[in-house]
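The values are calculated or read from the model by the stated rules, or taken from the named source; none is laboratory data. All values derive from a computational prediction rather than experimental measurement. Cβ atoms come from the backbone with ideal geometry, glycine included; neighbour counts cover every protein chain shown.
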C-alpha cells in the first residue's frame, strides 16, 4: 500500500474588537475596512485538523466532527488550488520532492467546542485547513502569505493565522495581494487579556453574515461613514492602545466598534438584528460595572449573533467573574474558578456597583444564557502530535 | 365675583415619520435636523385643555388628568411668558381690551389615553396648552408662529399645531425664529392614511429622550452623517412622497428613518436601546407582509420606546388588520373592526405570506404587547365647547 503523508495542526478562534463587516470583492473576500482581533486560547476553543495525501486516495475528502462534508464550495476549492500551486512550484524546483500536489487529500477536522454555538468556528476551521496543508506541503510561505489563502476561504479566518493581537489590513490592490493578516503584538506582549464568553440562547435564525454584510453595504446610509471615517481612525487608535496596553481605552474602542457594527446592521434595509434582549442586558451590566469603577475594566463585543464576549485583564478577574458568577452561576463553564473564594462569594464587586438592581431581579438578569466559556488570549496555529487519521485505512479514526 | 375668561381646545398627537433626534440649542429646543410627522386623529388620542384667567386667581396653576402639577419648569414658564407678551402688545394697541396678560392662569388638561404609554403625550399637551391660551388671548398669530412657542415647551409639540402632514423646519437662525412647523399637506390631501399602534410592554426604564438625544449628539460617530447627509435628502424625498401620495416610497423612507434613528441611538456611548425583542418581531412581521405583496403596504415606525406605529392606507386595511388581528386579537382595542368579517377571519392575508411561521408559534408572535389603538390621520387643534373648569370655583370640575 502506498504511503500516506500526514500533518496535524490546531488553530484558534479569534474575536474581532474592530469588526469586519462588508466586502468590496465577494470572490476574493476583500473587505471594505481593516479589522483587529484577539486570538483566543486553544485550550478552550480550537480546531484540530489532520491533512493527509496519498496516491491511493481517489478524491479529495473532508470530515468535520465525524461527518463527511463536501469540499465542493468554490471558496474551499480556491484554497486547495492555491496551496497545490505553491507546492507545485516547490516540486518544480526540487525534483526529489514527492509529488504531493498531484495526490488527493483527506482532511479530517474536529472542534473542541459546539460548532453551532456561533463562535467563529469557520475562522478556526479555515485557518486549520490552510495551516495543516501548508505544513503537509512543507510550504516556506510566512503566516501573512498563508493568511491571504485563508482569507479566500472565510474572511476573518486570516486573522486566526496569528496568535495574540492581530490586524487584517484591508489592502488596496484589486487582486487582494495586500489584503492580509499581520501581527499587532504577540501574546507575550499583553498576556493578561482574559475573555468570558456568554453563549446566549437564540430562538430565531439570524441573517448569515455573508449575506448580511452585503445587505449593509448596499442599503445602509450610515455605512459609508463607518468605513471611510470611523473605522480608519479607530484602527490606528486601537493598535496604539494594544501597544500601550491601555485597557481603559482599548475597552472603549472595542465597545464603540461593536455598537457601530450593530448600528449599521440596524440601518440596513430591511434591518438586521443580531443583539437580543439578553445581549442588551449584558451590555447594560458591563456599563454599570465600568461606571461603578470609574474606568473601563470590562469590554463587551458581539459578532453576528447574540453571544457576548467580555474582555478584561487578569488583575480584575475577581471583580468581573465575581459579578458574572453571581448572576450566571446556574450555567456550565465555571470549573476553572470554582476554587476561587473571592469569585464564588462575589466579595470583590465594587462598592459603588448598584448590586440591589441585580438582587431585586436575579431571575430576570440570569435568564437567556446557555453556557459560559472562560478563556484568554492565545497562540496562533500549532503543530500537534495528535492525529485524526487511521493510517491503515486513510480514514478518520473510529 | 370677578369674571373668569375661558377657552377650551383639543390638540392631537403626532408620530414622526422622519425623526427629530438631537438639539443644537437645548434652551430654545432647536433641532439638529428637520423632521416630518403625521398628525393622528383626536377621536382616538387627544389632549383637551381649558385655559382660564381671572383677576381673582392668585397664582398660575395647572391640573393634568385631575392632579395639580407644577408650572415651574423653565420650558413652561417661557411658553407662558411668550404668550403673555403677545397678549400685552394687543392690549397696548387697544386699551379697551381686558388686561388678561396681567391675570393669573388656571389651566386644566386631560388626555383621552394613558399618559404613561409612551404615546407622545407631551406633544399633544404643549400644543393644547399653547393653543388654548392663544385662543383665550385672541392672538392673531398663525399656527406656524404659535408652533415656535410650542417648540420651546417640547420640540415635537410644534408639529401638533397642524393636522395632516407636517414638517418641522429646523431653521438656521441662532434665535430660533425660523425653526417652526409648516403644513406639508392637509388631512384632505391624503385622508386614507391609517395607523395601528401596538403598545408594547416595557419592563425597563428607557433613557428619557431629552438626555438620550444629547448623548447621541455628543458621542455617536455616525450621527453627523445622519444629520448632514441622510436626513436632509430624506426630508425632501418624504415631502414629495406625501404630495404624490406614493405610499410605497413613503413607507420605505419611514421605515428607513426609524431604523436610522435607532441606529444612532445604538451608536451612542453607552448605547441607547429603545427597541426590544417584541419591537423586532413587529418589524419582521411588517417586512414579511410587504415582501409577500411585493410592495410596501405597511410602514412601521418607533419613537423613543418599544411601541410600534404601523401606517397603512385604508384600501389595505383588511389585509393589514386581518394579519394583526389574527396575532394580537387577545389584546383590547379592536372594537372598530369587530364587525368586519374579512378582518376577523383574516381572509385577505396575501397568499404568499408565510402564514405557517405565525401558525407554528402563535403564542410567541402574540406575546409582549399590551393594547392596540386603531386610528388615522387627523386634524390639528380644534375649539371645543367641552370645558374642564367649574366657573363657580375657578377649579377643575369635580
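Of all the criteria given as (1) modelled with pLDDT of 95 or more; (2) surrounded by fewer than 18 Cβ atoms within 10 Å (Cβ to Cβ); (3) within 22 Å of the chain's Cα centre (by Cα), the one not satisfied by residue B:370 is (1).
The residues in region A:272-304 that are more than 21 Å from residue B:265 (Cβ to Cβ) and either under 23 Å from the mean Cα position of the chain (by Cα) or buried (at least 20 other Cβ atoms within 10 Å of the Cβ) (or both) can be counted, and the count is 3. Counting residues in region B:226-240 that are under 25 Å from residue A:300 (Cβ atoms) and either facing chain A (nearest Cβ under 8 Å) or under 21 Å from the mean Cα position of the chain (by Cα) (or both) gives one or more. Being more than 8 Å from every other protein chain (Cβ to nearest Cβ), surrounded by fewer than 23 Cβ atoms within 10 Å (Cβ to Cβ) and at positive phi is a property that residue B:249 lacks. Note on region B:119-229: enclosed helices (runs of 4 or more DSSP H) holding 2 or more residues that are at pLDDT below 95 are B:121-136, B:209-219. Check whether at least one residue in region A:153-163 is surrounded by fewer than 24 Cβ atoms within 10 Å (Cβ to Cβ), in contact with a strand residue (DSSP E or B) (Cβ under 7 Å, 6 or more places away or on another chain) and within 21 Å of residue A:375 (Cβ to Cβ), and report yes or no. Taking every residue of region A:153-163 in turn, none turns out to be surrounded by fewer than 24 Cβ atoms within 10 Å (Cβ to Cβ), in contact with a strand residue (DSSP E or B) (Cβ under 7 Å, 6 or more places away or on another chain) and within 21 Å of residue A:375 (Cβ to Cβ).
Kindly indicate whether any position in region B:358-365 is under 26 Å from the mean Cα position of the chain (by Cα) and either within 14 Å of another protein chain (Cβ to nearest Cβ) or crowded, with 21+ Cβ neighbours inside 10 Å (or both). Working first, answer last.
Of region B:358-365, the ones under 26 Å from the mean Cα position of the chain (by Cα) are none.
No, because not a single residue in region B:358-365 is under 26 Å from the mean Cα position of the chain (by Cα) and either within 14 Å of another protein chain (Cβ to nearest Cβ) or crowded, with 21+ Cβ neighbours inside 10 Å (or both).
The set of residues from region B:309-320 being surrounded by 24 or more Cβ atoms within 10 Å (Cβ to Cβ) and in contact with a helix residue (DSSP H, G or I) (Cβ under 6 Å, 6 or more places away or on another chain) comprises just one member, B:312.
Tally the residues that are within 26 Å of residue B:203 (Cα to Cα) and out of contact with any strand residue (DSSP E or B) (no Cβ under 7 Å at 6 or more places or on another chain), restricting the search to region A:323-349.
Residues that pass the stated criteria total 7.
Among the residues of region A:230-241, the ones that are touching a strand residue (DSSP E or B) at 6+ places or on another chain (Cβ under 7 Å) and under 19 Å from residue A:290 (Cβ atoms) come to 2 in all.
Within region A:263-271, can one find any residue that is crowded, with 20+ Cβ neighbours inside 10 Å, within 21 Å of the chain's Cα centre (by Cα) and more than 8 Å from every other protein chain (Cβ to nearest Cβ)? Yes: one or more hits. Inspect region A:75-92 for any residue being at pLDDT 95 or above and part of a strand (DSSP E or B) and give the result as yes or no. No: zero hits.
Every listed requirement among (1) within 14 Å of chain A (Cβ to nearest Cβ); (2) surrounded by fewer than 24 Cβ atoms within 10 Å (Cβ to Cβ) is met by residue B:220 save one, (2).
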